[in-house]
Amino acid sequence: FMQNNGTFYDSNTHGFVYGSDLYNLHANVYNSLIANDPNISIFEAQDRAMAYILKDSGVDLLRAEPGSDIFKKIDVVPDKNPDGTEKKDANGNTIYKNADCD
């Protein structure tokens, strides 16, 4: 991940460098999840946006429900229209949805 993305980490904000491609992608996924899932918390949306970014580098994030030792892959994918094209919001940004795996 680090080899593919160069200097991406901002030690002052503990996030992606403002304005970078990773920063913008994280913000787009996060904002889409918050806007389109009334049950998602800001923390879960942040985790899911990070999972979306990391999976392109072959890194999967897993989680277990409290008190459980059964882990599931956290995944997010672009939502699709019936014709297979990506759903877009009024601003033309892709809409993302949860797609967890067992």
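Below are the figures for this structure:
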{"read-out": "Residues of type lysines that Lys87 reaches as a straight line, Cα spacing below 17 Å, ignoring anything fewer than 8 places off in the same chain", "value": "Lys97"}
{"read-out": "Gaussian network model of the chain, springs between alpha carbon atoms under 10 Å - residue of Tyr18, Tyr30, Tyr52 with greatest fluctuation", "value": "Tyr18"}
{"read-out": "Built amide H within the under 5 Å cut-off of Asp79, gap 5+", "value": "Lys87, Ile95, Tyr96, Lys97"}
{"read-out": "Neighbour net charge for Ile40 - beta-carbon separation under 11 angstrom, K R +1, D E -1", "value": "-1"}
{"read-out": "For the chain, built as a Gaussian network whose Cα springs stay under 10 Å, the top-fluctuating residue of Ile40, Ile53, Ile70", "value": "Ile70"}
{"read-out": "Spatial separation of Cα centroids for region 75-91 and region 47-65, in angstrom", "value": "19"}
{"read-out": "Contact order normalised by residue count of the chain, Cα under 8 Å, 6+ apart, percent", "value": "20"}
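Each value in this text was obtained by applying a stated rule to the coordinates, not by laboratory testing. These figures come from a predicted structure and were not determined experimentally. Please note: Cβ atoms are built from the backbone with ideal geometry, for glycine as well, and neighbour counts cover all protein chains shown.
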